[in-house]
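Each value in this text was obtained by applying a stated rule to the coordinates, not by laboratory testing. Note that the structure is predicted; figures quoted are calculated from it, not measured. Here Cβ is always computed from backbone atoms with ideal geometry, including for glycine, and neighbour counts include all displayed protein chains.
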Amino acid sequence: MICVEKSVLDSALSIFKAAKTVVWMTGAGMSAESGIPTFRDAQSGLWARFDPQQLASAEGYRADPASVWSWYQWRRRLVVKAKPHAGHFALAEFQKAFGHGLITQNVDGLHQLAGASEVIELHGNIRSSSCFAQRHPLSVPMPDINDVADAELLESPPHCPLCGSTARPDVVWFGESLPMDALQHAEALSYGCDVFVSVGTSSQVYPAAGFALLAKSQGAKIIEINPVATPLSEQNDCAIRGQASEVLPLIAKRLLLN
Ligand code: BV8
């Protein structure tokens, strides 16, 4: 339990209360407390046992489709078990009550499960699949909720009935371009906001990590919610060193009830 200093919270709240347009951008740290490992946290992160940069790439898939597909099936089992936490619900409330923008790097769909309607998914969504060669949509059901999430389980990807190519998740891999609509929508929101809040991201993956800098370049205030500092921290107007599931409801209590 990380206690947020009252002075820091008050400073963030005064920024929110003076704001006209607020944009939130979340990363893997937003889903950590829902049981989905982050990419970088040493003790449980995806990097700890695998090299996501290798596995989350077309080269990695070409080299070994079964291992990459199995890694995603392991992650899909964690996603199917994951529930949104109080932080996800708080962001959905900010969207409903104040029209705040919501951009996510996450592929787990937890923001939508918490009731957020307009979610800009920069890196796609692990819940849907398509074929590697032609991107024909494939319906590959999410694993059963009782499936054991076994990272060692090796399974072959299903084949596309149209072209015979094998299945891949509908996420954006390293070296792949982000969906143009998501990119343009995120750019427009970042360009036009006067407060940009970064939640649970190490701010190391681009172009996502660039949106806070774009907002800053237009005069927006930057708030960072993360237990630790990141490369973005030197741009912060306010850093709340805490966990998403604790900090966001604290802000919601003060913003929504006043
Ligand atoms: C592209 C889907 C171009 C897959 C992911 C400059 C410009 C453009 C590109 C680049 C560039 N420099 C380098 C690149 C290449 C690359 C890149 O950024 N590499 C990095 C490693 C340097 N970018 C790309 O390849 C992008 N593509 O630009 O294409 C192009 C142009 C033309 C033609 C062809 C290509 C594509 C990047 C998208 C990759 N896909 N995800 C999948 O999920 O399998 S990225 C993936 O990693 C996640 O989606 C996420 O975005 C990223 C991990 O970052 P975080 O979310 O920040 O997570 P992380 O674990 O790092 O940090 C968690 C944080 O949470 C920590 O700070 C921790 O302290 C905090 N935390 C922990 N617990 C909590 C918490 N915070 C709050 N509460 C808690 N409880």
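Quick notes
- The listed residue being closer than 14 Å to His100 by Cβ, part of a helix (DSSP H, G or I) and either of a type outside the set (A, V, I, L, M) or near the ligand (Cβ under 9 Å from one of its atoms) (or both), out of Ser190, Ser245, Ser198: Ser190
- Listed by first and then second residue, the pairs with beta-carbon distance under 7 Å, at least 6 apart or on different chains, first residue in region 230-246 and of a type in the set (D, E, K, R), second assigned to a helix (DSSP H, G or I), are Asp237/Ile15.
- Looking across region 232-241 at every residue that is in a loop (DSSP other than H, G, I, E, B) and closer than 20 Å to Val23 by Cβ, the one that is farthest from the ligand (Cβ to nearest atom) is identified as Asp237.
- Tally of residues being under 15 Å from the mean Cα position of the chain (by Cα), under 15 Å from Asn236 (Cβ atoms) and not aliphatic (A, V, I, L, M) across region 197-225: 7
- Those residues of region 148-181 which are closer than 18 Å to His123 by Cα, of a type outside the set (S, T, N, Q) and either part of a loop (DSSP other than H, G, I, E, B) or without any contact (Cβ under 8 Å) to a residue 24 or more places away in the chain (or both), in sequence order: Val172, Trp173, Gly175, Glu176, Leu178, Pro179, Met180, Asp181
- Within region 225-246, the set of residues being surrounded by fewer than 24 Cβ atoms within 10 Å (Cβ to Cβ), over 16 Å from Ser14 (Cβ atoms) and touching a helix residue (DSSP H, G or I) at 6+ places or on another chain (Cβ under 9 Å) comprises Pro227, Leu232, Gln235, Arg241, Gly242, Gln243, Ser245, Glu246.
- Answer from Ala182, Ala149 - the residue that is touching a strand residue (DSSP E or B) at 6+ places or on another chain (Cβ under 7 Å) and not charged (D, E, K, R): Ala182
- Candidate set: region 160-181, residues that are surrounded by 15 or more Cβ atoms within 10 Å (Cβ to Cβ), of a type outside the set (Gly, Ala, Ser) and over 17 Å from the mean Cα position of the chain (by Cα); chosen: the one nearest to the ligand (Cβ to nearest atom): Arg168
- Residue count for region 77-91 under the criterion of being surrounded by fewer than 22 Cβ atoms within 10 Å (Cβ to Cβ) and outside any loop (DSSP other than H, G, I, E, B): the result is 6.
- Scanning region 100-147 for residues that are of a type in the set (Gly, Ala, Ser) and without any contact (Cβ under 8 Å) to a residue 12 or more places away in the chain yields one hit, Ser139.
- Residue count for region 182-213, restricted to those that are within 22 Å of Ser14 (Cα to Cα), of a type in the set (A, V, I, L, M, F, W, C) and surrounded by fewer than 24 Cβ atoms within 10 Å (Cβ to Cβ): 3
- Residue count, region 215-231 (criterion: away from the ligand (no atom under 16 Å from the Cβ) and either assigned to a strand (DSSP E or B) or at positive phi (or both)): 2
- Screening Trp69 on (1) outside any helix (DSSP H, G or I); (2) over 18 Å from the mean Cα position of the chain (by Cα) shows it passes everything except condition (1).
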